[in-house]
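Peer 1: The structure is given below, and queries will be raised subsequently.
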Number of protein chains: 2
Amino acid sequence: MALTGRELRSSVHDDGTLRLMLEDVVMDVMAPDEIVVRVEAAPINPSDLGLLLGPADVASVRTEGTSERPLLVFDIPAPRRASVAARIGVSSAVGNEGAGTVVAAGEDAMDWIGRRVGMVGGGMYADLRKIRTREALALPDGVTVAQGAALTVNPMTALGFVETARAEGHTAIVHTAAASSLGQMLQKICASDGVPLVNIVRSAEQVDLLRGIGAAHVLNSRDPDFRSQLVEAISETGATVAFDAIGGGTLGSDIMRAMERGAVSRMKEYSRYGSNSFKQLYTYGALDLSPMVLDRLAFGFQWSVSGWLLTPFLQKAGAETVARLRKRVFDELTTTFATHYTRTIGLGEALDPQLLRAYERKATGEKYLINPTQD
Amino acid sequence: MALTGRELRSSVHDDGTLRLMLEDVVMDVMAPDEIVVRVEAAPINPSDLGLLLGPADVASVRTEGTSERPLLVFDIPAPRRASVAARIGVSSAVGNEGAGTVVAAGEDAMDWIGRRVGMVGGGMYADLRKIRTREALALPDGVTVAQGAALTVNPMTALGFVETARAEGHTAIVHTAAASSLGQMLQKICASDGVPLVNIVRSAEQVDLLRGIGAAHVLNSRDPDFRSQLVEAISETGATVAFDAIGGGTLGSDIMRAMERGAVSRMKEYSRYGSNSFKQLYTYGALDLSPMVLDRLAFGFQWSVSGWLLTPFLQKAGAETVARLRKRVFDELTTTFATHYTRTIGLGEALDPQLLRAYERKATGEKYLINPTQD
């Protein structure tokens, strides 16, 4: 009995277009330790949008194909095409994480049938996902598939930030785009662990949202005196590491400058080389696709700007740390790591141009969940 | 008997000026382990110019004071003033390294009198420099003071680059502004140690200069096809670390992009996160004062851009490594680490506006030495 299902695919073409479509997939051969999961929940995280839509111009969308098998075509503006040159001719399955029920299994995994599991690893925007049992997380009773679909990307990233900061000797943290689901988790972790956190957001509503969950330091980068507020908050907390989801423009540079200003103000003597305080900016997202502009002469010499990505962090952290973090996620799944979804849509609906524009806007507090069984 | 001498001072003022002058200094109290050295040689390195002239507009120079005690006044363009805000009201002694003869000593160091020593630590553009004996390097016979004055900044930095690259697992190096004295040393070290080196320079003359000392990879960043040459040279050598003296603009970003392109071309499968190859850009200078512009989306996620400075490197490397590097500098002082001076000038002459313009131009192959006993 061959199982068949739809799978959402994103592809980049040499005519400068990005295309989204649903492909039929047949799940036939299974390794002894493999299971096939009927996907019932897969969140749309900002990191999913990076693969789904890449640098395409969302407003340029055209609908082709049939209503049953829609095909969306987008233009990629010429200056951004180089960044996806390696994707030309590649059809990518999308969806970092998901959860559902096991509906088929290889010979060594028959007892998994009927179990509900959480998964990570891509290709979750699909009716069916084949995965090795060692890569699936069995969901305890009382954990819904919607909860089980969000065990990794945001919770492990937020925990990973705090682990990284601690391992590298930092005692306080700066976070940008801090009103995101991830940002709210980070705020709760830091509050619980006693790690001072400077939250940077972009609107008064986002300030209120974070204050509402107990944040002590929330700055609005659109305030006219934002830069002086930043120096003050960083001096007060002693933050020397920042995690930045934005990446483009000068915000990262402003943060590093403020860290150096804080450190220099604690020095007794002027040094042309700046402070001895090591300042680290990690960029983990690309909400702004423009280049990062670093006014590095204001940083001194003890600084580093680096990419941060969950998978290499987990590999480097080792099994013991990962198990400890995973346990915490399960223990605090309805508190620290609760994700609130604005709306649940079907897999076909994900290709509805109007819905697509709604979920790609990355509006604060808005979060979409795909449930392929819904259509 | 009190010793007196002149000392070159650079100061920044709240009227937006930078001033250079010679101050009289009296060497009176000496600790038991201190010596006073009559400075006979102090090179003008690019890193000295950073403190000497800061971001001042050299063309704006006015001569004030007397012919015996000249005072040079420069304007600092308004947009650059913030970078030296911490220097306002601070008078800085200049000159990172030098050498000379011991003319006075504390009670425990009397046997040092008459010895020739090399020194590092600032304030070397002076007739006399007081220093602790443990910080002075006795010069062996046959080593001139001009040679002994350049034991640290360029040689230890060039060796430090190779040590850093090795310690962090890189097997080939990219270097910018590679025709400098430092760059020539690095080329000789890498050739001798079998470390592939991609040299980036800015003129055909500089290409010839490096080829003349045996460099295999020399790229002119002004060539129209520089970027494709860069990808080729980086792919060929497998370079994953760069040391950059320029800092401003997009060259560092171009290098990182080329490293990622090289790494991606070796991958079997497309990954939206880019290569697994860790790419490191160290910036150790500021030949271009403009902001650093990073097109980070072309780097993947495994990258870091950091400041690199000799003193923290030496502290981190530890005494054993430092001793090994120092020994190599002495062993190869007339070969790998030979410095060729274009001209030797007096301390007063360093404040001659025409001479100042000549030595601050940082022209390839041009290097000035200050000998305070000359005027």
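Peer 1: Where the second residue is small (Gly, Ala, Ser) and open to solvent by 30 Å² or more (accessible area, probe 1.4 Å) and the first is within 30 Å of B:ALA85 (Cβ to Cβ) and lies in the range A:298-310, which pairs have Cβ atoms under 9 Å and are six or more apart or on separate chains?
Peer 2: Hits for this filter: A:ALA298/B:ALA82; A:ALA298/B:SER83; A:GLY300/A:SER271.
Okay, residues lined up against (1) crowded, with 18+ Cβ neighbours inside 10 Å; (2) over 19 Å from the mean Cα position of the chain (by Cα); (3) at positive phi:
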| position | (1), (2), (3) |
| --- | --- |
| A:ARG80 | no, yes, no |
| A:GLY89 | no, yes, yes |
| A:GLU97 | yes, no, no |
| A:ALA104 | yes, yes, no |
| A:VAL117 | yes, yes, no |
| A:VAL120 | yes, no, no |
| A:TYR125 | yes, no, no |
| A:ARG132 | no, yes, no |
| A:GLY148 | yes, no, no |
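Peer 1: From A:LEU49, A:LEU22, grab the single residue that is of a type in the set (A, V, I, L, M) and assigned to a strand (DSSP E or B).
Peer 2: Values: A:LEU49 fails: assigned to a strand (DSSP E or B).
Within the list A:LEU49, A:LEU22, the selection yields A:LEU22.
Peer 1: Among what's in the range B:54-67 and is touching a residue at least 24 places away in the same chain (Cβ under 8 Å) and away from chain A (no Cβ under 12 Å), pick the residue that is surrounded by the most Cβ atoms within 10 Å (Cβ to Cβ).
Peer 2: So the first thing to find is which residues in the range B:54-67 are touching a residue at least 24 places away in the same chain (Cβ under 8 Å), and the list is B:54-56, B:58, B:61, B:63, B:65.
Pick out the ones that are also away from chain A (no Cβ under 12 Å) and you get B:56, B:58, B:61, B:63, B:65.
Details: B:ALA56: 25, B:VAL58: 16, B:VAL61: 19, B:THR63: 13, B:GLY65: 15.
Here the answer is B:ALA56.
Peer 1: Continuing with the same structure: Test A:LEU51 against the stated conditions and say whether it is closer than 18 Å to A:GLY346 by Cβ and in the same structural domain as A:LEU369 (by TED's automatic domain parsing). Give the derivation first.
Peer 2: Working: closer than 18 Å to A:GLY346 by Cβ: no; in the same structural domain as A:LEU369 (by TED's automatic domain parsing): yes.
The answer is no for A:LEU51.
Peer 1: For B:ALA350, state whether it is more than 14 Å from chain A (Cβ to nearest Cβ), aliphatic (A, V, I, L, M) and open to solvent by 40 Å² or more (accessible area, probe 1.4 Å).
Peer 2: Working: more than 14 Å from chain A (Cβ to nearest Cβ): yes; aliphatic (A, V, I, L, M): yes; open to solvent by 40 Å² or more (accessible area, probe 1.4 Å): no.
Judged against the criteria, B:ALA350 is not a match.
Peer 1: While we're here: Hey, among the residues in the range A:326-346 that are of a type in the set (Ser, Thr, Tyr) and not in a strand (DSSP E or B), which one's surrounded by the fewest Cβ atoms within 10 Å (Cβ to Cβ)?
Peer 2: So the first thing to find is which residues in the range A:326-346 are of a type in the set (Ser, Thr, Tyr), and the list is A:334-336, A:339, A:341-342, A:344.
Those still in the list that are not in a strand (DSSP E or B) too: A:334-336, A:339, A:341-342.
Values: A:THR334: 11, A:THR335: 9, A:THR336: 20, A:THR339: 21, A:TYR341: 18, A:THR342: 12.
In this case the residue turns out to be A:THR335.
Peer 1: Conditions: (1) touching a strand residue (DSSP E or B) at 6+ places or on another chain (Cβ under 9 Å); (2) under 30 Å from A:LEU128 (Cβ atoms); (3) within 14 Å of chain B (Cβ to nearest Cβ). A:THR339 meets all but one. Number of the miss?
Peer 2: Just one mismatch for A:THR339, condition (3).
Peer 1: A follow-up question, please. Go through the range B:228-245 and report how many residues are open to solvent by 10 Å² or more (accessible area, probe 1.4 Å) and within 11 Å of chain A (Cβ to nearest Cβ).
Peer 2: 0
Peer 1: For the range B:116-149, enumerate the residues that are in contact with a helix residue (DSSP H, G or I) (Cβ under 8 Å, 6 or more places away or on another chain), closer than 26 Å to B:LEU20 by Cβ and hydrophobic (A, V, I, L, M, F, W, C).
Peer 2: B:MET119, B:VAL120, B:ALA126
Peer 1: Can you tell me which residue among A:LEU71, A:LEU3, A:LEU49, A:LEU20 is on the phi < 0 side of the Ramachandran plot and open to solvent by less than 10 Å² (accessible area, probe 1.4 Å)?
Peer 2: Numbers: A:LEU71 fails: open to solvent by less than 10 Å² (accessible area, probe 1.4 Å); A:LEU3 fails: open to solvent by less than 10 Å² (accessible area, probe 1.4 Å); A:LEU49 fails: open to solvent by less than 10 Å² (accessible area, probe 1.4 Å).
Every option except A:LEU20 fails the conditions.
Peer 1: Criterion first (farther than 17 Å from B:GLY148 by Cα and of a type in the set (A, V, I, L, M)) does B:VAL293 satisfy it?
Peer 2: On the way: farther than 17 Å from B:GLY148 by Cα: yes; of a type in the set (A, V, I, L, M): yes.
Taking the combined requirement at face value, the residue satisfies it.
Peer 1: A follow-up question, please. Which numbered condition in (1) in contact with a Pro (Cβ under 9 Å, 6 or more places away or on another chain); (2) farther than 21 Å from A:PHE301 by Cβ; (3) not polar (S, T, N, Q) is the only one that B:LEU294 fails?
Peer 2: (2)
Peer 1: Can you report the number of residues in the range A:75-117 which are within 14 Å of chain B (Cβ to nearest Cβ), under 18 Å from A:ASP127 (Cα atoms) and in contact (Cβ under 8 Å) with a residue 60 or more places away in the chain?
Peer 2: Just the residues of the range A:75-117 that are within 14 Å of chain B (Cβ to nearest Cβ), to begin with: A:76-77, A:79-96.
Right, trim to under 18 Å from A:ASP127 (Cα atoms) and you get A:91-96.
Pick out the ones that are also in contact (Cβ under 8 Å) with a residue 60 or more places away in the chain and you get A:91-95.
Residues meeting the conditions: 5.
Peer 1: Against the definition (open to solvent by 20 Å² or more (accessible area, probe 1.4 Å), small (Gly, Ala, Ser) and out of contact with any Lys or Arg (no Cβ under 9 Å at 6 or more places or on another chain)), how does B:GLY142 come out, yes or no?
Peer 2: Criteria met by B:GLY142.
Peer 1: Exactly one of these conditions fails for B:GLY114: (1) more than 19 Å from B:GLU332 (Cα to Cα); (2) in the same structural domain as B:GLU349 (by TED's automatic domain parsing); (3) in a helix (DSSP H, G or I); (4) not charged (D, E, K, R). Give me its number.
Peer 2: Only one criterion is unmet by B:GLY114, namely (3).
Peer 1: From the set of residues in the range A:262-293 that are among the small types (Gly, Ala, Ser) and touching a residue at least 40 places away in the same chain (Cβ under 8 Å), which is least open to solvent (accessible area, probe 1.4 Å)? It would help to see each step written out before you state the result.
Peer 2: Keep residues of the range A:262-293 that are among the small types (Gly, Ala, Ser), which gives A:262-263, A:265, A:271, A:274-275, A:277, A:285-286, A:290.
Now narrow it down to the ones that are touching a residue at least 40 places away in the same chain (Cβ under 8 Å): A:285-286, A:290.
Details: A:GLY285: 19, A:ALA286: 37, A:SER290: 45 Å².
Within the range A:262-293, the match that is least open to solvent (accessible area, probe 1.4 Å) is A:GLY285.
Peer 1: Let me spell it out: the conditions are (1) of a type in the set (Val, Ile, Thr); (2) in a helix (DSSP H, G or I); (3) open to solvent by less than 10 Å² (accessible area, probe 1.4 Å), and B:VAL84 meets all of them except one. Which number is the exception?
Peer 2: Every listed condition holds for B:VAL84 apart from (3).
Peer 1: In the range B:353-375, which residue that is free of Cβ contacts under 8 Å to residues at least 24 places away in the same chain and open to solvent by 50 Å² or more (accessible area, probe 1.4 Å) is farthest from the chain's Cα centre (by Cα)?
Peer 2: Restricting attention to the range B:353-375, the residues satisfying the condition of being free of Cβ contacts under 8 Å to residues at least 24 places away in the same chain are B:354-355, B:358, B:361, B:363.
Cutting the leftovers down to open to solvent by 50 Å² or more (accessible area, probe 1.4 Å) gives us B:354, B:361.
Values: B:GLN354: 23, B:ARG361: 15 Å.
Only one residue fits best here, namely B:GLN354.
The values are calculated or read from the model by the stated rules, or taken from the named source; none is laboratory data. Predicted model only: the values in this text are computed from it and were never measured. Glycine gets a Cβ as well: all are built from the backbone with ideal geometry, and neighbour counts include every protein chain shown. When the accessible area is computed, the model is the full protein with side chains, heavy atoms only, and any ligands, DNA or RNA have been set aside. Shrake-Rupley method; radii C 1.70, N 1.55, O 1.52, S 1.80 Å.
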